[in-house]
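I have placed the structure first, in the form of structure tokens, so that the comments after it can refer back to it.
A short reminder: the numbers here are calculations on the coordinates, not readings from a lab. Source: prediction; values computed, not measured. Quick reminder, even Gly has a Cβ in these numbers, built from the backbone with ideal geometry, and neighbours come from all protein chains shown.
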Amino acid sequence: MLTPRMRIPYTGIFSPPAVIPSSASTIPGAVIALQRFLTAASPSGSPGNTTVLTGAGISVASGLSDYRGPHGVYRTKKLEPVFFNKFMSSHQARKRYWSRSFMGWITWNKSKPNATHFALKQLGDLGLIKNVITQNVDSFHTMAHPNIPTTELHGYLRSCVCMSCHTEFPRDAFQDDLARLNPEWASVLGRILASGVLDEDIPERNSKTRDAIGVWINPDGDLHVEGMAEKTFRYPPCPKCLRDPPVLPDGSRAVIKVNADGAFESTGTAGILKPAVVMFGENVHPPVKVAAERIIEETDRLLILGSSLAAYSSWQLAKRAKDRGIPIAMVNIGGARGDSELFGDLNPYQDGHQGVRIDMSTGDVLPVLVDRL
Ligand SMILES: [Zn+2]
């Protein structure tokens, strides 16, 4: 059963937003409005107590897909994510997930933070940003600005986690295990990589080429290749649980079966490795949710970047900020969930200190803002 707190793929498209202040419809106007927003006197008197909330939109410039932006996979592809319950209960679903993850990993792992992430680093150095909360699983924030505390609402792809013993393993090493278990897939992947089609130097050109050969990468890092039989894919169980099978709720020891190569054959649910992300259909982990809520309770301002707040976890944080009456700014291409609720009561002629809504890419605005400060 789906509950509102679960991460679910929301496929609706929002209406274009009203730009506030009205002068923020040009880059210079948007930059001035954001400057006013970030440097206005704050109610707590402590300057720089601003929290940034980010979504997939800010990683598009790193070559990753967006969900709902102009070229988002929800608009252009039939995205069929593997849901958490299916992943946990179905060997076939795990084959499907890991085959796509295997094909997408190398390109994903090569992608780097972009100008927006580095602009945030500079805003942090200037004392204007205190916290970042992100929906993104790409670890770009922690790479670009390790000194600004970052709460990863939906986890991170850099690790796998065992669902029985909760040990985390580096995703990089897991890639080598998958290559060893799936030599045919590894050779197809080698050919795709050698073709250069996944290189990120010219994302627009390559995205067309990828479409032509039926390859694309989703925002969660998985790559879909048309025509590959996902049911042939093999993956290993948790090595720790394989050595020392966990005790089940009924007191018996789990049985984890592997074939001669070490590929998982068990129909049971012990020792399943999952990406350390909140999958669709899975709840945000309670301690992470509580930490994010506390940050919102204590912040003086909220700056939302590249998110349409379609995921409940991010919408709920923005709503909480609104209920507290703190100023909110959003830079996102296209409409967002709750645009009228968050920004409808703002005076369109104030200078930005009350709130800002910009309908542009963060990469067009943030670096210019930093240069101006
Ligand atoms: Zn384990």
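A few comments on the model shown:
- Prolate/oblate/rounded label for the stretch 141-197 (Cα gyration tensor, a/c 1.5): oblate
- Shape call, the stretch 304-372: gyration tensor on alpha carbons, a/c limit 1.5: oblate
- Ala194-Arg372 pseudo-label distance in nm [points 7 Å out on the Cα-to-Cβ vector]: 5.0
- Under the combined filter of DSSP loop state and at most 14 neighbouring Cβ atoms within 10 Å, the stretch 301-373 retains these chymotrypsin sites (Phe, Trp or Tyr not before Pro): Tyr349.
- Karplus-derived 3J(HN,Hα), 6.51/-1.76/1.60, for each residue of the stretch 105-112, Hz, glycine and proline x: 4, 5, 5, 4, 5, 7, 5, 10
- Equivalent ellipsoid, the stretch 255-373 (semi-axes from 5 times Cα gyration tensor eigenvalues, Å): 41, 17, 13
- Each Lys or Arg adds one and each Asp or Glu subtracts one; over the other residues with Cβ under 14 Å from the Cβ of Glu298, this totals +2.
- Under the criterion of Cα pairs below 8 Å and six or more residues apart, the relative contact order for the stretch 244-329 equals 19 percent.
- Amide H contacts under 5 Å for Gly155: Val278, restricted to partners 5 or more places along the chain or on a different chain, H placed in the peptide plane at 1.01 Å from N.
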